[in-house]
1. Quick one: if you stick a label point 7 Å off each Cα along the C-beta vector at Asn120 and Ser72, how many nm between them?
2. When the chain is fully extended, how far beyond the present Cα-Cα distance does Lys98 get from Arg424, taking 0.36 nm per residue of separation?
3. If R0 is 41 Å, what FRET efficiency do you get for Phe241 and Lys352 from their C-beta distance, rounded to 0.05?
4. Would you please classify the overall shape of the stretch 321-375 from the alpha carbon gyration tensor, given that a ≥ b ≥ c denote the square roots of the eigenvalues, rounded means a/c under 1.5, and beyond that prolate means a/b larger than b/c while oblate covers the rest?
5. Give me the angle, in degrees from 0 to 90, between the Cα long axis of helix 14-38 and the longest principal axis of the Cα atoms of the chain, rounded to the nearest 10.
6. How high is the FRET efficiency from Asn328 to Glu11, r the C-beta distance, R0 45 Å, rounded to 0.05?
7. Take each of the peptides 315-324, 373-382, 50-59, average the number of other beta-carbon atoms within 10 Å over its residues, and list them starting from the highest.
8. Which order do the peptides 385-398, 111-124 take when ranked by the mean count of other beta-carbon atoms within 10 Å per residue, highest first?
Amino acid sequence: MTNTQQTPPTEPTEVEQAVRSSVEAGLPSTIADLGALVRIPSVSWSAFDPANVARTAAAVAAHFEATGAFDSVSVRQAPIGDGDELGQPAVLATRRAKNGRPTVLLYAHHDVQPQGDEENWDTPPFEPTVRGDRLYGRGAADDKAGVMVHIATVRALVEALGPDFDLGIAVFIEGEEEFGSRSFSNFLEQNKEALAADAIIVADSDNVDVDTPALTVSLRGNVTFRLTVSTLEHASHSGMFGGAAPDAMLALVKLLATLHDENGSVAVEGLTSRVDGGEPPAYPDEQLREEAALLDGVTPIGTGPILSRLWFQPTITVTGIDAPSVANASNTLLPSVSVRISARIAPGQTAKDAYAALDRHLRANAPFGAHIRIDDVDMGDPFLVDTDGWAATEAKQAMTDAWGREAVETGIGGSIPFIADLVREFPSAQILVTGVEDPDTRAHSPNESLHLGVFKRAILSEALLLARLDRRSE
């Protein structure tokens, strides 16, 4: 899924030269501001201190306020579902379009994943550290760099055009993307008028490599839930009853084994693959081995072209388990064991249908009559981006000009489920999924990092795009 038409670089105008100079001059302070955000451990999961997410929201709002470009900047919260519980704080900023110019909505998120075991980090996860051409730290790329791309872009526009430019800009910096965007749809509904836009830039994706920019056009959906398998009313002595009474771990292991075939492909009836996605670009086994960090002797799983497996086929992963640790293990049969299941859904299937297929499979294949409970469910639909509009054309040209290399259209195996909410609320808006990540970023993993050259080019791409849209009539 790459461009078939070549997009040659364009000669920069005087305004675009000013934008380039501003991005270049402002880069040191932009990196410093990013480092300050990384120092705030803004993990949005329920087990972590929400005060840190609030601190990051306040810091981000202050940056947008300081640009002088917006009519209003505020930190807001919306309820989760139909209850009274509020979601994490988000930043909302707006400026009205003038003289027939379009409005662009800039999205990113300021919350981050938990750091995990700090022993697996080479540097402290919340202490930004530059090593070579990369900045290390949790959120350095995903997605505080996306936040700073938007901030740096607005700064460059103000410096190059003055604060009274015509382009309309709305900003939505979410505070709970890593925890399922549970108040996202309510936030959109409550702030629909303020967020209405002709184009939406979602700065939360990746690039082909550190030299090649990408516009993401295909995203898998997701279904995640907690699965609890129970076989006993209480723990029993493994020596006295083992071999006759099935324990929950045995039942769980056998059940999980039914989710994949001998090749490692998903074996759940009703989970579908996308068959009309065309032939993806070549991606050799050696590249997968390097970028995914396979150990010597470990072979890839699945069938078909590798990028087809990553973009157009479903996956199922066990991402967590609640069970006694090895250090605390006793000689007992476990009565219950819980795991977290994360399934990625191919474009073309709804998350609701995929969840129903998973539910049917797990209940039908529970061994030994084990009791199954499924709860804490999150779902997000996959998405295919329409690239026929003017926004995608302008974005790819800006990327080509900023990077000095042809921009390509790619799919990714990850999910951005809230895009379906954006499409529902703003059906006429054109969606642009961009990002600052590269194959070595390790988002969500220990030693997450941002390539500073990619960061600079991502800022310049967005700044050039918005400067050009400031001259465009709707």
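FYI, it's all coordinate maths here, none of it is from the lab. These figures come from a predicted structure and were not determined experimentally. Note: ideal-geometry Cβ built from the backbone for every residue, glycine included; neighbour counts use all protein chains shown.
1. My value for the distance between the label points is 4.3 nm.
2. Answer, rounded to one decimal: 114.8 nm.
3. Calculated value: 0.50.
4. oblate
5. That works out to roughly 40 degrees.
6. Working from the Cβ atoms, E equals 0.10.
7. The densest-packed peptide leads the list: 50-59, 373-382, 315-324.
8. 385-398, 111-124
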